[in-house]
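The values are calculated or read from the model by the stated rules, or taken from the named source; none is laboratory data. These numbers come from a predicted model, not from an experiment. So basically every Cβ, Gly included, is an ideal-geometry build from the backbone, and we count neighbours across all protein chains shown. SASA here: full protein model, heavy atoms, side chains in, ligands and nucleic acids out. Shrake-Rupley method; radii C 1.70, N 1.55, O 1.52, S 1.80 Å.
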Amino acid sequence: MKILVLLFMVTIGCCAKEDLRGASFVFTQKSKTTKLVLKPNMTKPLSIFTVCLQAYTDNIQRDSLFKLVNGSKTYFHLYNVLDYYYIAIDNIQVSYKSSKESLEWRLICVSWESKTGLIRLVVNGNIFPKRVLKPGFLIDPIVTAVLGQDLNYYTYGDSYVGEIRQVNMWDRALHSTDMQLVSDVFFRRRGNIIDWESVDYEIFGDVFLYKPSKKSY
C-alpha cells in the first residue's frame, strides 16, 4: 500500500518555492479566507498569455478558479457558475455554456491576446467558440495569481471546494490545438510566468498540500 504524505497549513502558510509535480492543493471547505496565492514571474505589462490548470470537484457551484489581481483590482478572472464558464478581463466578461461535468479532472486552458482581444478556451480537449475581450488592454506586471477564493462578495462562504494542480502560465498565446495537448507527457511544457515545477506560493485558510510518496508525472 502506498504511503501518502499530507501536509496541512492553517490560516497563513509561509511562502515557499518548490517543485509541485505530482502534487495538488486541496481546498477543504467554503470560507471567506481560503485561497492559494501564486507569485507570477513578470517584469513588464502583459499583453498576451495562456494559463492552464487542472481542477477536480464534485460540487460545482460558484467557483473562482484563477485570477490575476493587484489589491482590489482584478485584471483577469476565470471562474464557473453551475454549467457556465466565465472569463473576465478588467471586469468585462464573456460566458460559455458547458455540458454537465462528469466526476473527473478538468484540464482548463485560456489564452488572450491584447492586440485583437481574442479569447480561446479549451476544456478537456473541447474547443469552445472564440470570443473577444478588451482589445488593447494591458495587465499590470505587479499582480498575484489567486486560486479558489470566495467568488460571492456579498455573502459568506462561497470559496472553491476541491483540488487544483498543474497550474502553468506563459507569456504567449498557445493555439487551441496545442492547448488540447498540454497534459500529454510528450508535449508538456513548463510555464515561464508560472511554472508548476518551480513555483512560489502562499496558503491562506483550510488548504492542504497533497503529495503522493511516489510522484507520477
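Quick check on my filter: what residues within region 63-100 are part of a loop (DSSP other than H, G, I, E, B) and at pLDDT 95 or above? Listed by number, the list holds a single entry, 90. Scoring residue 47 on the criteria (1) in contact with a Ser or Thr (Cβ under 6 Å, 6 or more places away or on another chain); (2) modelled with pLDDT under 95; (3) among the hydroxyl-bearing types (Ser, Thr, Tyr) leaves a single failure, condition (2). In region 29-71, the qualifying residues are those that are among the hydroxyl-bearing types (Ser, Thr, Tyr) and surrounded by 16 or more Cβ atoms within 10 Å (Cβ to Cβ), and the one that is nearest to the chain's Cα centre (by Cα) is 64.
Residue check: residue 147 meets all listed conditions (1) in contact (Cβ under 8 Å) with a residue 24 or more places away in the chain; (2) open to solvent by 10 Å² or more (accessible area, probe 1.4 Å); (3) of a type outside the set (Val, Ile, Thr) but one, namely (2). Across region 101-137, which residue is modelled with the lowest pLDDT among those that are loosely packed, with under 14 Cβ neighbours inside 10 Å and of a type in the set (A, V, I, L, M)? Here the residue is 103. Annotation: of all residues in region 101-117 being in a strand (DSSP E or B) and among the charged types (D, E, K, R), the one that is farthest from residue 181 (Cα to Cα) is 113. Flag not set for residue 30, criterion: of a type in the set (D, E, K, R) and closer than 28 Å to residue 141 by Cβ.
Look at (1) open to solvent by less than 10 Å² (accessible area, probe 1.4 Å); (2) among the polar types (S, T, N, Q); (3) within 16 Å of residue 53 (Cα to Cα) and you find that residue 159 fails only one, number (3).
Cβ separations smaller than 6 Å between residues 6+ apart or across chains give the following pairs from region 100-112 residues that are over 13 Å from residue 85 (Cβ atoms) to residues that are modelled with pLDDT of 95 or more and of a type in the set (Lys, Arg): 111/120.
Among all residues of region 75-88, there is none that is touching a residue at least 12 places away in the same chain (Cβ under 8 Å), open to solvent by 10 Å² or more (accessible area, probe 1.4 Å) and polar (S, T, N, Q).
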